[in-house]
Amino acid sequence: MTDGVAIHRTTSTQRLAMKLHARNITVSDFDDQYFEVSFGNEHPAGDYDPNAPMRPYVLLQRQFEDEDGGVCYLETHDRDRYAGHLRLRLVEFTPIRLAFEIDRPQDRLVEVTFRLGARRFRDVQRVVNIIFGLNV
């Protein structure tokens, strides 16, 4: 594990899992059309330094302004394997863990661990449910 990220082999078919422990979680929505949740270790109000090394993060977005076919936007520090407009399936969301699968044959599992209190969990859960199409 380096800088809060681990890559684990999960089966003999060479599927990998990205694992990240996040200290900071931010959620946002705009006009009931755009939703975003991000997990990382940078303080959200911190200054951006383009010369600083890339810190591990996971960003999920979903928009409803145009028909998107059910895809989400995924962005991570590993843009070669974990980034793009993809179909995602929520595996688990609890006050200590988010796990989801990407609809593709390899590099399909992402797990983020964190700690959320009950009230903050409800706020984040609302946006996570919308992003994953679970607006129940």
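The values are calculated or read from the model by the stated rules, or taken from the named source; none is laboratory data. Keep in mind that what you see is a predicted model, and the values were worked out from it rather than measured. Cβ atoms come from the backbone with ideal geometry, glycine included; neighbour counts cover every protein chain shown.
Quick notes on this one:
- First in the stretch 51-69 and within 18 Å of Arg89 (Cα to Cα), second anywhere and of a type in the set (Gly, Ala, Ser) and part of a strand (DSSP E or B), Cβ under 8 Å, 6 or more apart: Val58/Ser38; Val58/Gly40; Leu59/Ser38; Leu60/Ser38
- Verdict on Val91 being among the hydrophobic types (A, V, I, L, M, F, W, C) and over 11 Å from the mean Cα position of the chain (by Cα): yes
- Filter pass, Arg108 being over 20 Å from Gly40 (Cβ atoms) and surrounded by 15 or more Cβ atoms within 10 Å (Cβ to Cβ): yes
- Arg81 vs. criteria at pLDDT 95 or above and basic (Lys, Arg): no
- The set of residues in the stretch 86-105 that are surrounded by fewer than 19 Cβ atoms within 10 Å (Cβ to Cβ) and closer than 18 Å to Tyr34 by Cβ contains only Leu86.
- Any hit, the stretch 73-85, residues being touching a Cys at 6+ places or on another chain (Cβ under 6 Å) and either of a type outside the set (D, E, K, R) or surrounded by 12 or more Cβ atoms within 10 Å (Cβ to Cβ) (or both): no
- Residue count for the stretch 111-136, restricted to those that are surrounded by fewer than 13 Cβ atoms within 10 Å (Cβ to Cβ) and among the polar types (S, T, N, Q): 1.
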